[in-house]
1. Can you run phi through the Karplus equation (6.51, -1.76, 1.60; θ = phi - 60°) for segment 196-202 and list ³J(HN,Hα) in whole Hz, with x for Gly and Pro?
2. Can you sort 119, 81 by 1.4 Å-probe accessible area, starting with the largest?
3. Lysine pairs, Cα distance under 23 Å, 8 or more residues apart or cross-chain: how many in the chain?
4. Once the Cβ-Cβ distance between residue 67 and residue 152 is put in as r, and R0 is 35 Å, what FRET efficiency do you end up with, to the nearest 0.05?
5. Using only the alpha-carbon atoms of segment 142-233 as identical scatterers, what base-10 log of I(q)/I(0) does the Debye formula give at q = 0.16 Å⁻¹?
6. List the GluC sites (Glu not before Pro) within segment 11-111 that fall in a DSSP loop (any state other than H, G, I, E or B) and whose Cβ has at most 14 other Cβ atoms within 10 Å.
7. Rounded, prolate or oblate, given the Cα gyration tensor of segment 1-109, with a/c below 1.5 counting as rounded?
8. I'd like the orientation of helix 219-235 relative to the chain: the angle between its Cα long axis and the longest Cα principal axis, in ° from 0 to 90, rounded to 10.
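The values are calculated or read from the model by the stated rules, or taken from the named source; none is laboratory data. What you see is a predicted model; the values in this text were computed from it and never measured. Neighbour counts run over all protein chains shown; Cβ positions are idealised from the backbone, glycine included. Just the protein is used for accessible areas: all its heavy atoms, side chains included, with ligands, DNA and RNA removed. Shrake-Rupley method; radii C 1.70, N 1.55, O 1.52, S 1.80 Å.
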Amino acid sequence: MTNPDLHIELRDEVAIVRLTRGTKRNALSDGLILALRDTFEKLPSTVRAAVIDGEGPHFCAGLDLSELKERDAGQGLQHSRMWHAALDLIQHGPVPVVAALHGAVVGGGLELASACHIRVADRSTFYALPEGSRGIFVGGGGSVRIPKLIGVARMTDMMMTGRVYNAEDGERANFAQYLVDEGTAFDKAVELAKRIATNAPLTNYALMHALPRIAEQSADHGFFTEALMAGIAQAAPEAKERVRDFLEGRGAKVSKT
(Lines give C-alpha, C1' and ligand atoms only; values in the text may rest on other atoms or scores of the structure.)
Protein backbone atom coordinates (compact mmCIF):
# COMPACT_ATOMS: atom_id res chain seq x y z
CA MET A 1 0.00 0.00 0.00
CA THR A 2 1.35 3.41 -0.97
CA ASN A 3 0.32 6.74 0.49
CA PRO A 4 1.34 10.22 -0.66
CA ASP A 5 1.68 11.28 2.98
CA LEU A 6 4.45 8.77 3.77
CA HIS A 7 7.90 8.67 2.18
CA ILE A 8 10.27 5.71 2.51
CA GLU A 9 13.99 5.94 1.85
CA LEU A 10 16.57 3.19 2.26
CA ARG A 11 20.06 4.19 3.38
CA ASP A 12 21.99 0.95 3.33
CA GLU A 13 20.61 -1.00 6.31
CA VAL A 14 18.50 1.87 7.70
CA ALA A 15 14.98 2.71 6.53
CA ILE A 16 13.92 6.37 6.79
CA VAL A 17 10.15 6.58 7.26
CA ARG A 18 8.98 10.19 6.95
CA LEU A 19 5.49 11.59 7.52
CA THR A 20 4.89 14.07 4.70
CA ARG A 21 1.71 15.91 5.72
CA GLY A 22 3.72 18.96 6.71
CA THR A 23 0.92 21.40 5.86
CA LYS A 24 -1.30 19.59 8.41
CA ARG A 25 1.48 19.26 11.01
CA ASN A 26 1.66 15.57 10.00
CA ALA A 27 -1.72 14.75 11.53
CA LEU A 28 -2.40 11.02 11.34
CA SER A 29 -5.22 10.08 8.99
CA ASP A 30 -6.58 6.56 8.67
CA GLY A 31 -4.71 6.13 5.41
CA LEU A 32 -1.44 7.23 6.99
CA ILE A 33 -1.84 4.81 9.91
CA LEU A 34 -2.50 1.96 7.47
CA ALA A 35 0.54 3.00 5.43
CA LEU A 36 2.71 2.88 8.56
CA ARG A 37 1.34 -0.56 9.34
CA ASP A 38 2.08 -1.86 5.87
CA THR A 39 5.53 -0.27 5.81
CA PHE A 40 6.73 -2.03 8.96
CA GLU A 41 5.02 -5.26 8.00
CA LYS A 42 6.83 -5.36 4.66
CA LEU A 43 10.27 -3.89 5.34
CA PRO A 44 12.95 -5.43 3.11
CA SER A 45 14.97 -8.16 4.82
CA THR A 46 18.13 -6.06 4.35
CA VAL A 47 16.85 -3.37 6.75
CA ARG A 48 18.31 -3.63 10.26
CA ALA A 49 16.95 -0.42 11.84
CA ALA A 50 14.52 2.41 11.05
CA VAL A 51 14.03 6.11 11.74
CA ILE A 52 10.62 7.81 11.89
CA ASP A 53 10.69 11.53 11.09
CA GLY A 54 8.16 14.24 10.29
CA GLU A 55 8.33 16.72 7.41
CA GLY A 56 8.38 20.41 8.26
CA PRO A 57 8.54 22.05 11.68
CA HIS A 58 6.54 19.37 13.55
CA PHE A 59 6.96 15.65 14.13
CA CYS A 60 3.24 14.93 14.47
CA ALA A 61 0.37 16.94 15.93
CA GLY A 62 -1.82 13.87 16.49
CA LEU A 63 -4.99 12.38 15.14
CA ASP A 64 -6.65 13.96 12.11
CA LEU A 65 -9.77 15.21 13.93
CA SER A 66 -11.60 15.83 10.65
CA GLU A 67 -12.08 12.06 10.45
CA LEU A 68 -13.15 11.66 14.08
CA LYS A 69 -16.45 13.53 13.96
CA GLU A 70 -18.20 10.98 11.72
CA ARG A 71 -17.53 7.84 13.80
CA ASP A 72 -20.07 6.09 16.03
CA ALA A 73 -19.02 4.05 19.09
CA GLY A 74 -18.47 0.81 17.19
CA GLN A 75 -16.45 2.52 14.50
CA GLY A 76 -14.40 4.25 17.18
CA LEU A 77 -13.61 0.89 18.77
CA GLN A 78 -12.46 -0.59 15.47
CA HIS A 79 -10.46 2.55 14.68
CA SER A 80 -8.59 2.27 17.97
CA ARG A 81 -7.81 -1.38 17.31
CA MET A 82 -6.50 -0.45 13.87
CA TRP A 83 -4.05 1.95 15.54
CA HIS A 84 -3.07 -0.76 18.03
CA ALA A 85 -2.24 -3.18 15.21
CA ALA A 86 -0.22 -0.58 13.32
CA LEU A 87 1.82 0.72 16.26
CA ASP A 88 2.42 -2.80 17.55
CA LEU A 89 4.24 -3.48 14.27
CA ILE A 90 6.55 -0.60 15.17
CA GLN A 91 7.16 -1.61 18.78
CA HIS A 92 7.21 -5.37 18.21
CA GLY A 93 8.11 -5.42 14.54
CA PRO A 94 11.18 -6.63 12.68
CA VAL A 95 13.70 -3.87 13.52
CA PRO A 96 14.50 -1.28 16.21
CA VAL A 97 12.97 2.13 15.51
CA VAL A 98 14.36 5.55 16.44
CA ALA A 99 12.03 8.58 16.47
CA ALA A 100 13.40 11.99 15.46
CA LEU A 101 11.23 14.43 17.40
CA HIS A 102 10.82 18.15 16.77
CA GLY A 103 8.05 20.66 17.20
CA ALA A 104 4.68 19.19 18.14
CA VAL A 105 4.63 15.68 19.58
CA VAL A 106 0.99 15.84 20.54
CA GLY A 107 -1.82 13.35 21.12
CA GLY A 108 -1.52 10.57 18.57
CA GLY A 109 1.94 11.88 17.69
CA LEU A 110 3.06 11.10 21.23
CA GLU A 111 1.42 7.69 20.95
CA LEU A 112 3.42 7.06 17.78
CA ALA A 113 6.65 8.24 19.42
CA SER A 114 6.03 6.04 22.46
CA ALA A 115 5.86 2.96 20.21
CA CYS A 116 9.43 3.61 19.05
CA HIS A 117 12.38 2.16 20.96
CA ILE A 118 14.54 5.29 21.17
CA ARG A 119 13.40 8.91 21.00
CA VAL A 120 15.69 11.80 20.07
CA ALA A 121 14.21 15.27 20.66
CA ASP A 122 15.55 18.61 19.56
CA ARG A 123 14.99 21.78 21.58
CA SER A 124 11.94 22.82 19.58
CA THR A 125 10.02 19.75 20.78
CA PHE A 126 6.94 20.01 22.98
CA TYR A 127 4.63 17.28 24.28
CA ALA A 128 0.91 17.38 25.04
CA LEU A 129 -2.14 15.16 25.38
CA PRO A 130 -5.12 17.47 24.66
CA GLU A 131 -7.67 14.65 24.51
CA GLY A 132 -9.13 15.56 27.90
CA SER A 133 -10.09 19.07 26.83
CA ARG A 134 -11.61 17.70 23.62
CA GLY A 135 -13.84 15.20 25.40
CA ILE A 136 -12.09 12.14 24.03
CA PHE A 137 -9.60 9.54 25.28
CA VAL A 138 -6.35 8.24 23.86
CA GLY A 139 -6.98 5.35 21.48
CA GLY A 140 -3.66 4.53 19.86
CA GLY A 141 -2.09 2.63 22.73
CA GLY A 142 -1.09 5.72 24.70
CA SER A 143 -2.74 4.60 27.94
CA VAL A 144 -0.46 1.54 27.91
CA ARG A 145 2.79 2.92 26.50
CA ILE A 146 3.03 6.49 27.78
CA PRO A 147 2.71 5.69 31.52
CA LYS A 148 5.60 3.26 31.11
CA LEU A 149 7.70 6.24 30.05
CA ILE A 150 6.51 8.99 32.39
CA GLY A 151 4.19 7.38 34.97
CA VAL A 152 0.41 7.38 35.42
CA ALA A 153 0.37 10.56 37.53
CA ARG A 154 2.11 12.70 34.88
CA MET A 155 -0.11 11.37 32.10
CA THR A 156 -3.24 12.01 34.20
CA ASP A 157 -2.09 15.57 34.83
CA MET A 158 -1.43 16.17 31.12
CA MET A 159 -4.85 14.92 30.06
CA MET A 160 -6.80 16.61 32.88
CA THR A 161 -5.11 20.00 32.83
CA GLY A 162 -3.72 20.31 29.30
CA ARG A 163 -0.18 20.64 30.61
CA VAL A 164 2.47 21.01 27.90
CA TYR A 165 6.05 19.83 28.45
CA ASN A 166 8.88 21.60 26.66
CA ALA A 167 11.91 19.73 25.35
CA GLU A 168 14.04 20.13 28.48
CA ASP A 169 11.31 19.18 30.95
CA GLY A 170 10.27 16.38 28.61
CA GLU A 171 13.71 14.84 28.69
CA ARG A 172 13.71 14.94 32.49
CA ALA A 173 10.26 13.33 32.51
CA ASN A 174 11.59 10.55 30.21
CA PHE A 175 9.69 11.34 27.02
CA ALA A 176 13.02 11.18 25.16
CA GLN A 177 16.38 9.56 25.85
CA TYR A 178 18.35 12.21 23.92
CA LEU A 179 18.04 15.99 23.75
CA VAL A 180 19.94 17.74 20.94
CA ASP A 181 20.20 21.18 19.37
CA GLU A 182 17.30 22.39 17.27
CA GLY A 183 17.37 20.97 13.75
CA THR A 184 19.69 18.06 14.58
CA ALA A 185 17.30 15.36 15.84
CA PHE A 186 17.11 13.61 12.49
CA ASP A 187 20.89 13.44 12.05
CA LYS A 188 21.30 12.07 15.59
CA ALA A 189 18.52 9.54 15.02
CA VAL A 190 20.17 8.29 11.82
CA GLU A 191 23.53 8.07 13.61
CA LEU A 192 21.96 5.94 16.33
CA ALA A 193 20.07 3.77 13.85
CA LYS A 194 23.27 3.06 11.92
CA ARG A 195 24.99 2.05 15.16
CA ILE A 196 22.03 -0.16 16.15
CA ALA A 197 22.10 -1.81 12.72
CA THR A 198 25.58 -3.15 13.46
CA ASN A 199 24.35 -5.15 16.47
CA ALA A 200 23.70 -8.86 16.25
CA PRO A 201 20.11 -9.16 14.96
CA LEU A 202 19.13 -11.67 17.61
CA THR A 203 20.28 -9.32 20.38
CA ASN A 204 18.22 -6.48 18.90
CA TYR A 205 15.26 -8.86 18.67
CA ALA A 206 15.65 -9.78 22.35
CA LEU A 207 15.77 -6.11 23.36
CA MET A 208 12.62 -5.36 21.36
CA HIS A 209 10.57 -8.43 22.21
CA ALA A 210 11.92 -10.04 25.38
CA LEU A 211 13.01 -7.09 27.53
CA PRO A 212 9.61 -5.34 27.66
CA ARG A 213 7.89 -8.60 28.53
CA ILE A 214 10.44 -9.44 31.22
CA ALA A 215 9.75 -6.04 32.79
CA GLU A 216 6.09 -7.05 33.19
CA GLN A 217 6.76 -10.51 34.61
CA SER A 218 7.26 -11.51 38.20
CA ALA A 219 10.92 -11.65 39.24
CA ASP A 220 11.00 -15.45 39.15
CA HIS A 221 9.44 -15.63 35.67
CA GLY A 222 11.61 -12.76 34.49
CA PHE A 223 14.81 -14.46 35.58
CA PHE A 224 13.79 -17.63 33.75
CA THR A 225 12.86 -15.76 30.56
CA GLU A 226 16.16 -13.90 30.76
CA ALA A 227 18.07 -17.17 31.06
CA LEU A 228 16.29 -18.61 28.03
CA MET A 229 16.97 -15.51 25.94
CA ALA A 230 20.61 -15.32 27.06
CA GLY A 231 21.15 -18.95 26.11
CA ILE A 232 19.55 -18.50 22.70
CA ALA A 233 21.43 -15.28 21.91
CA GLN A 234 24.88 -16.53 22.87
CA ALA A 235 24.39 -19.71 20.85
CA ALA A 236 23.99 -17.76 17.60
CA PRO A 237 27.00 -18.13 15.25
CA GLU A 238 27.35 -14.33 14.96
CA ALA A 239 27.53 -13.98 18.76
CA LYS A 240 30.24 -16.63 18.97
CA GLU A 241 32.24 -14.87 16.27
CA ARG A 242 31.94 -11.48 17.99
CA VAL A 243 33.07 -12.87 21.35
CA ARG A 244 35.97 -14.64 19.65
CA ASP A 245 37.01 -11.39 17.96
CA PHE A 246 36.98 -9.59 21.30
CA LEU A 247 38.98 -12.29 23.08
CA GLU A 248 41.55 -12.30 20.29
CA GLY A 249 41.97 -8.52 20.36
CA ARG A 250 39.96 -7.66 17.24
CA GLY A 251 36.93 -6.25 19.04
CA ALA A 252 36.74 -2.72 20.41
CA LYS A 253 36.85 -2.25 24.17
CA VAL A 254 34.41 -0.01 26.02
CA SER A 255 35.92 3.43 26.58
CA LYS A 256 34.79 6.77 27.94
CA THR A 257 33.57 9.02 25.10
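1. Once rounded to whole Hz, the list reads 4, 5, 7, 5, 5, x, 5.
2. Sorted descending by solvent-accessible area, the residues read 81, 119.
3. Number of lysine pairs found: 8.
4. Using R0 = 35 Å, I get an efficiency of 0.75.
5. -0.92
6. 70
7. Here segment 1-109 falls in the oblate category.
8. That works out to roughly 60 degrees.
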